[in-house]
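See structure below.
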Amino acid sequence: MNHDDMTTDALTHPGLDGPSTVDVTDDRLAKLKKFNLVMGALHLVSGAAMVVLGNDFELDVSTFNLNGPPGTPITDGTLQSVVGVPLAWATASFLFLSALFHFIIATVGFSKYSDELRHGRNRFRWVEYSLSSSLMIVLISLVTGITDLAALIAIAVVNVSMILFGWIMEVVNAPSSRPWWTPFWMGCIAGIGPWVAIATYLIVNVDQTDADGPPTFVYGIIVSLFLFFNCFAINQWLQYRRVGKWSDYVYGESAYIVLSLVAKSVLAWQIFANTLI
């Protein structure tokens, strides 16, 4: 590659100023294959437990009809249920999604997964997260009391945007290069949106009704999952800052896998313990 080609690549992909591949041995890939199979099995068993042991409790998704033109007093409006979300199946769904992607990675998609890792990325991860974490944040919103259909759609789409910024961060930054941080920080801005909405909704509702607010377990879900969601961002930050063990891309990949299992399990079993038994 001549100097002009390198300049063009650097302008098109800001992170392409270092080695473009990661040295991943066949032995490490074999271990990752087994690791994904084990993690897939754990997600599958956990999801099955939600379905078998859970009850038929549902949370309604709603719309609000003003019953008149804009400006009609809200007190004249009516709240209507659109669909009931069976909590056991909804909780199992994000566990089953993770199980599915782990099994795909460890079987028919393993060759592609290996190639992705050698290029310092894993687009399988971002596709799965865009689905599973968006379902998780919608469930957290429902448990908090946000039931409006439009609000839930907006929260899900904003969360998908956050995940896609993570995808872009990996695709445009080559391994061992000087990272271009714009996608990361934009993802952080998008990612904070749903949590601001949830926190504001809780604060305003408690203040207006002068009530005690939701049960304690709801606060536990919000705080614990907020921390875990941020751990994913911290993991990516450590990868691209190349801090200690995170200078090895595959170490960060393993951390993502563990974080995914822990975060999903924490949410699933908190919901199970407090609403599904």
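The values are calculated or read from the model by the stated rules, or taken from the named source; none is laboratory data. All values reported here derive from a predicted model rather than from experimental measurement. Note that each Cβ is placed from the backbone with ideal geometry, even for glycine, and that neighbours are counted across all protein chains shown. Only protein heavy atoms, including side chains, enter the accessible area calculation; ligands, DNA and RNA are left aside. Shrake-Rupley method; radii C 1.70, N 1.55, O 1.52, S 1.80 Å.
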Check: What nm value, rounded to one decimal, do you get for the distance between Val108 and Ala233 when each label is placed 7 Å out toward the C-beta?
Finding: 3.6
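Rounded to the nearest 20 Debye, what is the dipole magnitude of the range 23-93 about its Cα centre when Lys and Arg each give +1 and Asp and Glu each give -1 at the C-beta?
Numbers: 4 positive and 7 negative charges, 75 e Å.
Dipole about the Cα centre, nearest 20: 360 debye.
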Next item on the list: Quick one: angle between helix 249-275 and the longest Cα principal axis of the chain, in degrees between 0 and 90, rounded to 10, please.
Entry: 10
Note to self: Give me the 1.4 Å probe accessible area per residue for the chain, excluding ligands and nucleic acids, in Å².
What the structure shows: 50
Next item on the list: Provide Met136, Met186 ordered by accessible surface of protein heavy atoms (probe 1.4 Å), highest first.
Entry: Met186, Met136
Next item on the list: List, in order, the whole-Hz ³J(HN,Hα) value for each residue of the range 97-107 obtained from phi through the Karplus relation with A = 6.51, B = -1.76, C = 1.60 and θ = phi - 60°; use x for Gly and Pro.
Entry: 4, 5, 4, 4, 5, 4, 5, 4, 4, 7, 10
Item checked: Carbon and sulfur %, accessible surface of the chain computed with the full protein complex present, 1.4 Å -> 67
Notebook entry, point to check: Using θ = phi - 60° and the Karplus form 6.51 cos²θ - 1.76 cosθ + 1.60, what ³J(HN,Hα) does each residue of the range 66-76 get, whole Hz, x for Gly and Pro?
Noted result: 5, 6, x, x, x, x, 4, x, 4, 5, 8
Check: So how many Å³ per residue does the convex hull of the Cα atoms of the chain work out to?
Finding: 156
Next item on the list: Quick one: which residues, 5 or more positions from Asp148 or on another chain, have an amide H under 5 Å from its amide H? H modelled 1.01 Å from N in the peptide plane, none for Pro or chain starts.
Entry: Ser62
Next item on the list: Note the count of lysine pairs whose C-alpha atoms are less than 18 angstrom apart in the chain, limited to pairs 8 or more residues apart or on different chains.
Entry: 4
Next item on the list: List, in order, the whole-Hz ³J(HN,Hα) value for each residue of the range 91-96 obtained from phi through the Karplus relation with A = 6.51, B = -1.76, C = 1.60 and θ = phi - 60°; use x for Gly and Pro.
Entry: 5, 5, 4, 6, 6, 5
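If the viscosity is 0.890 mPa s and the temperature 25 °C, what Stokes-Einstein diffusion coefficient in µm²/s follows for the range 167-277 when Rh is the Kirkwood radius over Cα pairs?
Details: Rh = 16.2 Å.
Result for D is 151 µm²/s.
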Notebook entry, point to check: Which cross-chain or sequence-distant (5 or more) residues have an amide H under 5 Å from the amide H of Val85, H modelled 1.01 Å from N in plane?
Noted result: Leu59, Asp60, Val61
Notebook entry, point to check: With each label point set 7 Å from Cα along the Cα-Cβ vector, what nm distance links Ser62 and Met186?
Noted result: 3.7
